[in-house]
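What follows is one structure encoded as structure tokens, with my remarks underneath.
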């Protein structure tokens, strides 16, 4: 028996969550910049909310068969924006090293360049399991960096593990693009 897509707001819920994640980025940034003390609990709550919406919107869109062009384009942009803003602000607050920021931003700029001008322009975003795992682990590491004092070894291990997965996921994406265009 064929499943039917729920109508109305339920079908739009994944896109609403993606939009909320996009809107959470500037709020998160303000809360990070205005935080006092060694941690930023209010910013952590907003970041955690945004990170959870990343999981929920994808899961709901698959379960409800409600994939849309809006979600396919904006979901990864919202993820990258949240992560990129977080790493920049955490670096400015001396909670993550510059090398981590450079790697994350370089990867995202290269992928964006591919989508706008390169092989990815006609093929779109091809999400892979390694990239998804990298996003999850990186978001956990960033959340830890927000709520722990600077210099936490455990936080750095989680962050660098996530970044390694992001880079590997980016390489898989490039390989996929090359195969599809060949």
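Read-outs: derived from the displayed coordinates by stated rules, not from any lab. This is a predicted model, so every value here is computed, not measured. Don't worry about glycine lacking a Cβ; one is built from the backbone with ideal geometry, like all the others, and counts go over all protein chains shown.
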Item checked: Three-way shape call for the stretch 123-182 based on the alpha-carbon gyration tensor, with the a/c threshold at 1.5 -> prolate
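Counting other C-beta atoms within 10 Å, which of 10, 111 has the fewest, and how do the rest follow?
Listing 10, 111 from fewest to most nearby Cβ atoms yields 10, 111.
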Margin query: Using only the alpha-carbon atoms, how far is helix 41-63 inclined from the longest principal axis of the chain? Give it as 0 to 90 degrees, nearest 10.
Written below: 20
Notebook entry, point to check: Counting other C-beta atoms within 10 Å, which of 70, 173 has the fewest, and how do the rest follow?
Noted result: 70, 173
Margin query: Can you tell me the orientation of helix 69-92 relative to the chain, as the angle in degrees between its alpha-carbon axis and the longest Cα principal axis, to the nearest 10?
Written below: 10
Note to self: If I take every Cα pair under 8 Å that is 6 or more residues apart in the chain, average their sequence separation and divide by the length, what percent do I get for the relative contact order?
What the structure shows: 23
Next item on the list: Return 87, 127 ranked ascending by Cβ neighbour count within 10 Å, so the fewest neighbours appear first.
Entry: 127, 87
